[in-house]
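Asks: Mind looking over this structure? Questions follow.
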Amino acid sequence: MISLQSGSRPRRRMAPSAPLALLLVLALALLFACRPSWAGTVELLGSSVNGAKAEYTVKTQILIIMSLLGLLPVMMMMMTSFTRFVIVLSLLRQALGLQQGLPNRIVTGIALILTLLVMRPIGEQIWTQAFLPYDQDQIGLEQALKIAEAPLSRFMLAQTSKAALTQISALAGEGAVSKPQDHGFIVKLAAFVLSELKTAFQIGCMLFIPFLIIDLVVSSVLMAMGMMMLSPLVISLPLKLLLFVLVDGWTLTVNTLVTSVQAY
């Protein structure tokens, strides 16, 4: 058995790792998004009736917290660049013809790692400016959520097109706003997702075209030689893999994905 010495030095608080920082970003952003602040009479874990604050029961609080934790994977896909990365990598796999050679778990893992790389500065900023002061009782939950929402909103607005933001704002019935930051968080989130889908398909099309040309050339050559019974994929797959390796395709793809994220 291992005994603890009474004179041992206290542990120091360590800096958060990238996954922990990203989970903190998503948790705080999810709390902010689900907090019905527009009503003005309902709080996250308590309710207000005629000016008198009434706390929810412990069972209700646990239910709310567990429901929010269950939504974390969805919010991770929607509030970060994960959607862009995984769509582009999936289109690249289809362009190479590696539906079986590149499993979904590998594609998802690569997209997740790139997402952690891109979102790490935001996670560290929220950790130092929002979570640590709240953990040390320097600020309240309301102020911590506002501080945590600010960098995440700046990141989403930097990737969001004005057309998408205007369209979502009109669909949501929002009035005219002077600055994009004045839009509601749900409006900014929906516009961000729409812009991410557009950007992902644009990058995917650029990656798809060279391999499509190879498929067309191989098919034309086989038809000219009268080898119509031979599948063009048998010939084009090694050629596409050889081209992808010669140009260092994975490095170019990762560089394109990471640099496509606009600075905030």
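Asks: Based on this model, can you work out whether F201 counts as open to solvent by 60 Å² or more (accessible area, probe 1.4 Å), outside any loop (DSSP other than H, G, I, E, B) and at pLDDT 90 or above?
Replies: Yes; evaluated as a whole, the condition is true for this residue.
Asks: Determine which single condition S161 fails, assuming it passes every other condition in (1) exposed (fewer than 15 other Cβ atoms within 10 Å of the Cβ); (2) without any contact (Cβ under 8 Å) to a residue 40 or more places away in the chain; (3) over 19 Å from F85 (Cα atoms).
Replies: (3)
Asks: Looking only at the range 224-249, which residues are assigned to a helix (DSSP H, G or I) and surrounded by 12 or more Cβ atoms within 10 Å (Cβ to Cβ)?
Replies: P232, L233, I235, S236, L237, L239, K240, L241, L243, F244, G249
Asks: Output the number of the condition that G173 fails; it satisfies all remaining conditions of (1) surrounded by fewer than 19 Cβ atoms within 10 Å (Cβ to Cβ); (2) touching a helix residue (DSSP H, G or I) at 6+ places or on another chain (Cβ under 8 Å); (3) more than 25 Å from I147 (Cα to Cα).
Replies: (2)
Asks: List every residue pair whose Cβ atoms lie under 9 Å apart, where the two residues are 6 or more positions apart in sequence or sit on different chains, the first residue falls within the range 73-91 and is in contact (Cβ under 8 Å) with a residue 40 or more places away in the chain, and the second residue, located anywhere, is open to solvent by 10 Å² or more (accessible area, probe 1.4 Å) and not in a helix (DSSP H, G or I).
Replies: Within 9 Å, the pairs are S81/S260; S81/V261; R84/S260; R84/V261; V88/S260; L89/L102.
Asks: Starting from residues that are within 22 Å of the chain's Cα centre (by Cα) and closer than 15 Å to A158 by Cβ, keep the ones in the range 176-189 and report whichever is surrounded by the fewest Cβ atoms within 10 Å (Cβ to Cβ).
Replies: Q181
Asks: Quick check: is even one residue across the range 152-164 within 20 Å of G204 (Cα to Cα) and outside any helix (DSSP H, G or I)?
Replies: Within the range 152-164, one or more residues are within 20 Å of G204 (Cα to Cα) and outside any helix (DSSP H, G or I).
This table checks each residue for (1) at pLDDT 90 or above; (2) farther than 26 Å from P121 by Cα.
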position: E174; (1), (2): no, yes
position: G184; (1), (2): no, no
position: V193; (1), (2): yes, no
position: L222; (1), (2): no, yes
position: M227; (1), (2): no, yes
position: I235; (1), (2): no, yes
position: N255; (1), (2): yes, no
position: T259; (1), (2): yes, no
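Asks: Pairs please, first residue from the range 168-193 and touching a residue at least 12 places away in the same chain (Cβ under 8 Å), second anywhere and loosely packed, with under 14 Cβ neighbours inside 10 Å and of a type in the set (F, W, Y), Cβ atoms under 8 Å, 6+ apart in sequence or on different chains.
Replies: Listed pairs, sorted by first residue: G184/W38.
Asks: Here's something else I'd like to know. Considering only the range 248-264, how many residues are touching a residue at least 40 places away in the same chain (Cβ under 8 Å) and closer than 18 Å to L197 by Cα?
Replies: Final tally of qualifying residues: 8.
The values are calculated or read from the model by the stated rules, or taken from the named source; none is laboratory data. Since the structure is predicted, the reported quantities are computational estimates derived from the model, not experimental observations. Cβ atoms come from the backbone with ideal geometry, glycine included; neighbour counts cover every protein chain shown. Note: accessible area is taken over every heavy atom of the protein model, side chains too, but ligands, DNA and RNA are not part of it. Shrake-Rupley method; radii C 1.70, N 1.55, O 1.52, S 1.80 Å.
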